Each structure stands twice: as structure tokens, then as C-alpha cells.
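Just below is one structure, and these are the notes that go with it.
The values are calculated or read from the model by the stated rules, or taken from the named source; none is laboratory data. Because the structure is a prediction, the values reported are computed rather than measured. Glycine gets a Cβ as well: all are built from the backbone with ideal geometry, and neighbour counts include every protein chain shown.
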Amino acid sequence: MTESANPEARIFVVETQFQKMARRAGGIAREQAIEKAQAEIDQIKPEFDDWLDRELRDLIANARTGDGTADWIATTNFRSRQLRDTGTTMGYELLSFIADSFCDLLDSIADGGECNMDAIVCHTDAMMLSLQDAYRHLRPDQVPELTKGLQRVAKRPGTQSPPLPAGPPQETSRRNGD
Amino acid sequence: MARFTMNLRDLVILIADPSSYMSLLIHGMLRGFGANKILEVRSSNGVLRILTNQKIDLLICDARLPPHGGLRLTRAIRRKEDNENRTVPILIMTSDGREGTVKLARDTGANMVISKPMSPASLYDRLAWTAFHSRPFVDTPNYFGPDRRFKIEGYPLGVGRRKGDKAVEVGKEVGPALAQDDIDSLFSAARTG
């Protein structure tokens, strides 16, 4: 039922403190605010790389003990979500993509799907690969055989793992963020 | 069109996310936007503790915040009548951009939903929208929160809402979920005619 259709609806105006104060003079214009925010993120980046290495090691160690229990799924999923949610913002799109696929796989296990170790190892291997220099700042569409293979495995975890690319990634004219 | 500015100085902003690094990123973005009073918690219990002790001006909350989840937390904040933070703006962050999840967030009383991974531009635009577009509150037996009948007619700063994304070199969102545009459109039950 919509608000207007409900005869019991009470509708009232609220001007929140957030609105009042955000509209004050002396604020920051959009473009400048975004530039400053990006500068703040850039400052975090060196630390991010260290954190990322640690997180990925912990994730892999945890993932490979896979027993399909609720605790294991929750812990592994939390670590994978962290990588997915921060990766793209920090310029690691491929890692975010793989972590997203891994989260889907874990969700399917949580929903009663098979806990297939091949599919799990396939994802953790792909994550490791995505941090190598040649792959670090690639987008998923630049490694189509990997991304399509992962999607296949995540959907049908009992199937054969996709081949990891043997050679260097495809050359394209676009760079990350262009 | 006039160029707006947004002033976040001295506003108390609470980030509720289980990931310390995600919080650090959001914290950095908010600092860049000029915010200087930023609190962080990792759980919905932490949010409730803070709300018991002080007034906050904005809550940015993960949809899967443990242990109760950000949507249940939002509903609890909106429903508790003797709560001075009852009308606080709430932005829900989610990497689950499925239509059902976004509608659920809207129907629990969230002001906006922002998809993860997020860029500074996407966060700024949603904060600006929340700041510059007043929405009445609706109180019914089944719902307490911002009026869900509204339409986003562009972000308020006189520029394309994604214009800054490329300039600041942030990556594209990936995954099968709804794009942020589609999420926004779910908040626009379109008061037409």
C-alpha cells in the first residue's frame, strides 16, 4: 500500500541536522570534494597493498580448509567480500571480479550447494594470479577466458575448472580508469 | 545553474561496516569531502550503543552488518519511538544489488542505497541528494521513514552525476547486480501526473 492510499498515514516534514548543516556556506564543490577524496585514497594505497597481501594469504589459508560448515562459509565469505568491496575502488578490478564470483560460489554452498574443492582452489588461484604484475590492474574483460571460466565454475561447481591463462594478458588500448 | 557546495564540517557521521579496510576507505572519502567528526563501528550492537549515548547526523551502514544486518537495524531505528535518532538519514551500502534487496532497503526506511564497490563520486552524489532534497517522513502502522514516493531528477550540483568518476580514476562496478542508476530508479516510484 502506498503512503497516500493509507488513511492512517501521518505525513510530516523533517529538516534534519544533516540537511541544515550540509547546506551551510563554506562547503566544498563537487569536483573539488571528489579530487580531495581521491587524494585521501591515494595516501592509503601503499598500506592497501600490504593489507591486500595479508588478507589474500589469510583468505586462501582459510578457504583451503573448506569443510562447508556455516562458520567456515561465514569467515571465508567475509574475507572475500572485503576484497571485492575494496578492490575496485583501489584499482584492482580483476581481483574484485574474482572475489565476487567466489562470494557467489560461497553463497551457493551456504544455500545447500556442493562444497567443491576444485572450484574453491580455482578461485583462490585466480586471485593470486590477479595480483601478479601482469594482471594487477587489468579489467575482467581483458582476460575473457578466465572470467567466463570462473563464472561457469561458480554456477556449476562440480564441473571442470577453467584453464588459467598461460601467456601474458591481452593487449588493449584502454588502461584502467580510462 | 547555480553551483552548490556541501559542508560536512562538524557533522557527526557514523560508518557501520564489518570491514576495517572498507571503513578506512569511506573514512578517507568523507575526510576529502570535508567531514571531521567520523565514528566507526563494526556491528549493529555498536551502532545501538552509540545511538544510546549520543545524537548522530548521518549513518552509513552496510546491509550485512553483523549480527542483525543493516536492514533490520534500520527498521529498529525507525520504529523506536523514543529515539532522538529516529529520523537520522541512513545510507545503506550493499554489494547485493538485486532488485528485491534494494526494495527491501527502501521499505525498511533507508534514505538511499549505494552499491559497493563505491567511488568517491557515487558517495558524494548520494550525500548531496540526501542533503539538498527534502523528503517528508511518513508514519503508518507498517512503515516509518522517508516518503518513498519521490523521483530523482538529476543530482543537485549542476553537473552530470557520474562526471567525476573517470577524472578520479576509479574503476567500474562489476558483477551481475543492478547498476547504481537502476538502484536509484527503484527509489523513484515516480510521483507522476
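Mind checking which strands (runs of 3 or more DSSP E) fall wholly inside the range B:59-174 and carry at least 2 residues that are within 17 Å of B:PHE33 (Cα to Cα) and at pLDDT below 95?
Answer list for the range B:59-174: none.
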Contacts under 6 angstrom Cβ, first residue in the range B:22-45 being more than 25 Å from A:ARG30 (Cβ to Cβ), partner buried (at least 21 other Cβ atoms within 10 Å of the Cβ) and small (Gly, Ala, Ser), 6 or more apart: B:VAL41/B:ALA16
Qualifying residues in the range B:47-63 (those that are surrounded by fewer than 17 Cβ atoms within 10 Å (Cβ to Cβ) and within 14 Å of another protein chain (Cβ to nearest Cβ)) - the one nearest to B:THR130 (Cα to Cα): B:LYS55
Some residue of the range B:57-75 being of a type in the set (Val, Ile, Thr) and farther than 19 Å from B:LYS116 by Cα: no
Condition broken by B:SER44, with the remaining ones in (1) surrounded by fewer than 19 Cβ atoms within 10 Å (Cβ to Cβ); (2) at pLDDT 95 or above satisfied: (1)
Residue in the range A:29-84 that is farthest from the chain's Cα centre (by Cα), counting only those that are at the interface with chain B (Cβ under 7 Å from one of its Cβ atoms) and β-branched (Val, Ile, Thr): A:ILE34
Condition met for B:ASN111 (buried (at least 17 other Cβ atoms within 10 Å of the Cβ), in contact with a helix residue (DSSP H, G or I) (Cβ under 7 Å, 6 or more places away or on another chain) and polar (S, T, N, Q)): yes
Filter result for A:LEU95 (of a type outside the set (Phe, Trp, Tyr) and buried (at least 23 other Cβ atoms within 10 Å of the Cβ)): yes
Tally, over the range B:3-31, of residues that are facing chain A (nearest Cβ under 7 Å), farther than 14 Å from B:ASP62 by Cβ, buried (at least 19 other Cβ atoms within 10 Å of the Cβ) and touching an Asp or Glu at 6+ places or on another chain (Cβ under 8 Å): 3
Condition met for A:ALA154 (at negative phi, buried (at least 18 other Cβ atoms within 10 Å of the Cβ) and assigned to a helix (DSSP H, G or I)): yes
